[in-house]
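Written out below as structure tokens is the structure these notes cover.
The values are calculated or read from the model by the stated rules, or taken from the named source; none is laboratory data. On a predicted model such as this, the values are computed, not experimentally measured, just so you know. Cβ coordinates were reconstructed from backbone atoms using ideal geometry, including for glycine residues, and neighbour counts include every protein chain displayed. Side chains are part of the model used for accessible areas, which takes the heavy atoms of the whole protein and leaves out ligands, DNA and RNA. Shrake-Rupley method; radii C 1.70, N 1.55, O 1.52, S 1.80 Å.
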Amino acid sequence: MTNSNNFNITPSSDGFGATLRGILLNGELSTAQVTTVIDALNQYGVVSFPDQDFTPSSLENFSRRLGKFGDDPYVQSMEGFEHVIEVRRDPTETAPIFGSLWHSDWSFQKVPPSITALYSVEIPPRGGDTLFADHRRAFESLSPKLKQFLTSLEGVHSAGPAYSDTVGLFSKDDDTRSMKILVSPDADNFVTHPVVRRHSPSGRDALYVNHVYTTAIKDLSRDESDVILKFLFSHCTREEFTYRHVWQPNTLLLWDNRCVSHYAEGGYEGYSRLLYRTTIAGEVPVASEGL
Ligand code: SIN
């Protein structure tokens, strides 16, 4: 454990993920304290802050300290809180669980978000964990030849698989869904991003592909693309690169979408689950500078 600006920082044993205690984040924070939070996130990829006390309004205020808000295109925000989404599931809901496939938030945008903040309000007595995959270590573990090849590629990203008005997993009509999904034909648009992305704050490279939104690799045949993506998805989510977050109420979690993917697990049928979420704008993904 280390101490910095009144935070106690406990990294996980493999250096992916850390817990920060000691400061209530809904109060006045000094610039040095905000820098400590951002530095920890840059280093550990996902950081948790137990025993916090946020309302939607104070979560918006805290999020503003991390950067400008990102654009959340397909989920209706909370009434009165333009930048807060309720990640909500009611006990009787049967629609597919929001976030229940590996993804990096909104990677289909030209300028995808850097950070996501998720604050737990109501947590079921069992299930409902969130899993995270470390795409920096996943990339670093590959052989130099494969790294070099991947560094020359661009991935095609689209919101279609999740939010297309015809086939999207989360946009299909379902009376039991408690989150309001905003269906739009724009979901079928696509953008391309480098398959290997430089994580500018740490200077480390990360695999920037994810199971939900990366639909192909540009300029490869469908078969070639499918084989490579299948390998990359399973490689990134190998057990040694993942962290399982078991929620308690009143915990804030921050993660860096530029180098981390995540997955919301089920297993809490018959119980409610409620979290507040904000996203912080990022930058146009920049390709790795090579080996
Ligand atoms: C999400 O993908 O943002 C949802 C994560 C979760 O509900 O655990």
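Looking at Lys147, Lys68, can you tell me which residue is at pLDDT 95 or above and loosely packed, with under 14 Cβ neighbours inside 10 Å? None of the others qualify; the one that does is Lys68.
Restricting region 88-107 to residues that are open to solvent by less than 20 Å² (accessible area, probe 1.4 Å) and closer than 18 Å to Ala187 by Cα, the residue that is farthest from the ligand (Cβ to nearest atom) is Ser107. Considering region 243-268 alone, what residues qualify as being more than 12 Å from the ligand (Cβ to nearest atom), out of contact with any Pro (no Cβ under 8 Å at 6 or more places or on another chain), open to solvent by 50 Å² or more (accessible area, probe 1.4 Å) and not in a strand (DSSP E or B)? Scanning region 243-268 gives a single hit, Pro249.
Say whether the condition of being farther than 25 Å from Cys236 by Cβ and either of a type in the set (Gly, Ala, Ser) or in contact with a strand residue (DSSP E or B) (Cβ under 6 Å, 6 or more places away or on another chain) (or both) is met by at least one residue in region 97-117. Scanning region 97-117, I find no residue that is farther than 25 Å from Cys236 by Cβ and either of a type in the set (Gly, Ala, Ser) or in contact with a strand residue (DSSP E or B) (Cβ under 6 Å, 6 or more places away or on another chain) (or both), so the answer is no. Hey, among the residues in region 208-236 that are closer than 25 Å to Glu283 by Cβ and either assigned to a loop (DSSP other than H, G, I, E, B) or among the basic types (Lys, Arg) (or both), which one's most open to solvent (accessible area, probe 1.4 Å)? So the residue we want is Asp219. Name the pairs: first residue in region 18-44 and among the small types (Gly, Ala, Ser), second residue surrounded by 19 or more Cβ atoms within 10 Å (Cβ to Cβ) and part of a helix (DSSP H, G or I), Cβ to Cβ under 8 Å, at least 6 apart or on different chains? Close Cβ pairs satisfying both conditions: Ala18/Ala40; Ala18/Tyr44. Candidates Ala138, Ala162, Ala187: the one that is open to solvent by less than 30 Å² (accessible area, probe 1.4 Å), within 13 Å of the ligand (Cβ to nearest atom) and not in a loop (DSSP other than H, G, I, E, B) is Ala162.
Out of Asp51, Asp72, report the one residue that is under 23 Å from Arg273 (Cα atoms), within 16 Å of the ligand (Cβ to nearest atom), charged (D, E, K, R) and in a loop (DSSP other than H, G, I, E, B).
Among Asp51, Asp72, only Asp72 is under 23 Å from Arg273 (Cα atoms), within 16 Å of the ligand (Cβ to nearest atom), charged (D, E, K, R) and in a loop (DSSP other than H, G, I, E, B).
Checking each residue of region 9-31 against the condition of being β-branched (Val, Ile, Thr) and open to solvent by 40 Å² or more (accessible area, probe 1.4 Å) gives at least one match.
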